1. Find how many whole Å separate the alpha carbon centroid of region B:222-251 from the alpha carbon centroid of region B:171-201.
2. In Å, what is the Rg of the alpha-carbon atoms in region A:405-472, and how long is Dmax?
3. Every other copy gets compared here: list the nm distances from the residue A:18 label point (7 Å along Cα to Cβ) to its counterparts, shortest first, one decimal.
4. Checking buried surface per residue: for region A:63-91, which residues lose a minimum of 20 Å² accessible area in the protein assembly relative to the chain alone (1.4 Å probe)?
5. So, taking all protein chains as they sit and a 1.4 Å probe, how much accessible area belongs to residue B:291, in Å² rounded to tens?
6. For region A:183-282, what is the Kirkwood hydrodynamic radius in Å, using each pair of distinct C-alpha atoms?
7. Could you give, in nm with one decimal, how far residue A:418 is from each other copy of that position, shortest first, with labels 7 Å out from Cα toward Cβ?
8. Checking an interface number: how much accessible area is buried between A and B, summed over both chains, with a 1.4 Å probe, in Å² rounded to 100?
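The values are calculated or read from the model by the stated rules, or taken from the named source; none is laboratory data. The structure displayed is predicted, hence computed values, not measured ones. Cβ placement follows ideal geometry from the backbone for every residue including glycine, while neighbour counts extend to all protein chains displayed. Surface areas here come from the heavy atoms of the whole protein model, side chains and all, with no ligands, DNA or RNA. Shrake-Rupley method; radii C 1.70, N 1.55, O 1.52, S 1.80 Å.
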2 protein chains.
Amino acid sequence: MTAGGAGVTVTAMRAMRTGIAADEALRSVLAEAAPLPAELVEAGAALGRVLAAPVAARRTLPPAGCSAMDGYALRAADLAEAGPGRAVCLRVGGEVAAGGRAAPLAPGEAARIFTGAPLPQGADAVVPQEQAEALAATGEVRIAVAAPPGAHIRRAGEDVRAGDEVLPAGARLGPGQIGMLAALGRTLAAVHRRPRVALLSSGDELVEPDGDASGGRIVSSNAYALAAQCREAGALPINLGIARDNPAALTALLRAGLEADLLVSTAGVSVGDHDHVRPALAALGCRLVFWGVRVKPGYPVAFGVFDGAPGAASSDGAAADGAPGDTGAAAAGAAPSVDAAGAAGAAPGRRGPLVFALPGNPVSAMVSFEQLVRPVLLRMGGHRNLSRPVLRAELGETLRKSAGRLHYVRVQLSREGGRIVARSTGNQSSGALHSMTLADGLLIFPEAATELPKGSEARVQLLDPGILCEPA
Amino acid sequence: MTAGGAGVTVTAMRAMRTGIAADEALRSVLAEAAPLPAELVEAGAALGRVLAAPVAARRTLPPAGCSAMDGYALRAADLAEAGPGRAVCLRVGGEVAAGGRAAPLAPGEAARIFTGAPLPQGADAVVPQEQAEALAATGEVRIAVAAPPGAHIRRAGEDVRAGDEVLPAGARLGPGQIGMLAALGRTLAAVHRRPRVALLSSGDELVEPDGDASGGRIVSSNAYALAAQCREAGALPINLGIARDNPAALTALLRAGLEADLLVSTAGVSVGDHDHVRPALAALGCRLVFWGVRVKPGYPVAFGVFDGAPGAASSDGAAADGAPGDTGAAAAGAAPSVDAAGAAGAAPGRRGPLVFALPGNPVSAMVSFEQLVRPVLLRMGGHRNLSRPVLRAELGETLRKSAGRLHYVRVQLSREGGRIVARSTGNQSSGALHSMTLADGLLIFPEAATELPKGSEARVQLLDPGILCEPA
């Protein structure tokens, strides 16, 4: 890091907040996130995506009045006298199948009809075949029930009328919505683009999972857990790999992530002498919004934004003055660099990716992602519900901590006499990935609290909704 | 259909149950479903899949005792006298970074250490840098707190010991599990194969969504909604398209689906004259287990299995005697046909796909799938939780029906004063797809009940867990 780069860091850190509360951190990151622009995708591939524009019906469903049952179409008036012990016989004048065309119905006449078939002109009711007796010898049908006008009939437009806004913007496309698109003849859907998330790790000790982990080296697992978290949230992860612990290597990898919508690094954001991430980000023109959230695990998390074109400031200090902090407005007006052009699809008004520098401990990284990155990804994807399902659970054991940080306690949930009971998964160390694999949820141990007594209630963010399922 | 085919139908229907209750139908279909065999997939692509075999650790995590903080490694005994106002100064003998190697620590000496770095021989505690003052002039560090042995240290194997079964068979691979696989150097995972589901529709009136829907033709939307439901349940849909309403066309398409794990048709399973699905299935050697479930929507659903090699009986009657019903054991011993070999990956003991013939009305098809097909797909995929999350909700309005069928009522949910309140989405017609797109869940209106008064409670299967999310 040159003197020029260091100067940028100082400038950028001027407005940075430190040691903020969990809810303030969430508000801060969501304030910078907006739904991404629309893209057209094939409707069948749009499951879980969110409509960026409403869908109006080009056709009426059903297109014409039709039968809701297999049976006989008739005039309700012809059955006025029918009832138990008072059967009426009608001549069966024809048959109409789904997709077929029906001849008009004369008074005193019925038509054999099948589910979905268009109602013959003159008919205003259907009697299900279970309530009718076909008399083969005479070509008649014998019916001993009355049928009110409209019985077992689907009116034209009963489901949808041409011109109706059938699916609103913001609707999540589940199976019902995808079926509706198909029924309307829509094979494409305009949905919010999926956020692209560039992931990188930093550390001289790290090797990839297929690498040689002998000699005290540590497998870099964070990018893999975080990529899975991205996918769960509907985002597209891009794994940039491992940066070595020096400013040049780190800057090169960060720069490669500038075209993404989010840039998420793990490790290198503590206050240790080897933590190069924050200065490298600042040198690229990233304004740090906050560093440090009063939570455990996951205190040393940094969040930053690009007010100007990203990459305008380089790690060797060139153009550093033009990019960050207070001078951002001027930089934003400059001709975009190649990097900025690539990032043009980011949130409105934003010139580069949102940046999260997460801690290196596996559980800290995952929990930080869960609390701050996931809600941002969901909002970018157009979703309205940004939280996990949250339940109130009873403490199955007393939990204690010191005041000053909110704790996310990994818990297992069980049903005991109608109540949902939460117990710690064991080792709550921020390095204990195994206890993360056992967790059904994260229990919120509030910042000011020092004890949650056994039997008391607490909120639990559900990572796995299994506790709400019923046994088969 | 020839006389031979019709004979098969009669044989197969002998053991068939009709008009069974919802819970009996679910038990029947699950009795025929088993987790599919394992396949190896890349760990990063295994999100949401279920482990078919346990994963044992080949290495210990952390591999060696290491620091949990940035700070100073030292001997706890050297701080025995330290405390507020009683600072101890230790000579800083060196520095050890993550991935580095540490020189042994002499008594009275400390080493600068970073998170994840291996503990120097002799050190048994770490003091965080926030609690230490580096004295640059003397090369010492000044500390005014005591540190118990083990403070801020991660013991070797604290997370995982080599040989431990870390992830059990049956574990669902979420982000934590995928991170753990990476940390263990495992880049592949043995997971239950995804069920393949062949989907087909039948009806002369149907056109595909990109087709010409004029002249009373109806767009075939079911396969698209059901394909989305398959994907939600982790299955692979295969859309075979639309069969016309004649036995030969239907049989040809059903035959094309015999290599799948499930064969799911919609329409053509009522008792109308145009319903060819059941006889065609029987002619292919499918034994119908039940037809008709006492629910609404979705009464006319059929479920069948192949006791012998599928397709041994053909639609022209050849070999029909060898396949269905009571003679299944003999047929199972025969040399497998080409179709049977293709279906060899199906559930243990099963010679062909499980077959669901669902109603043709869009909501009936979706709700039937939800209640009967989805649990089967989840079990085949190795999942243990086979139901949706189920909540108790308060009725926001009185619902009425006649006794005799369980109703699945499409409802919207809202929070009102801490309670979750359910109200009908409106038109509950089995053709009203729009009201399905508005549904947060399906409220269970029990078979025997005729009224659910406003203010009473009922179970709701959650299609969308949004009601449990917290506002951002």
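1. Using only Cα atoms to place each centre, the spacing works out to 25 Å.
2. Answer for region A:405-472, Rg first and Dmax second: 12.4, 42 Å.
3. Label-point distances to the other copies, shortest first: 7.9 nm.
4. By number: A:63, A:70.
5. 30 Å²
6. Result for region A:183-282 stands at 14.9 Å.
7. Those separations, rounded to one decimal, come out as 1.6 nm.
8. Details: alone 21030 and 21000 Å², together 35800 Å².
Adding both sides of the contact gives about 6200 Å².
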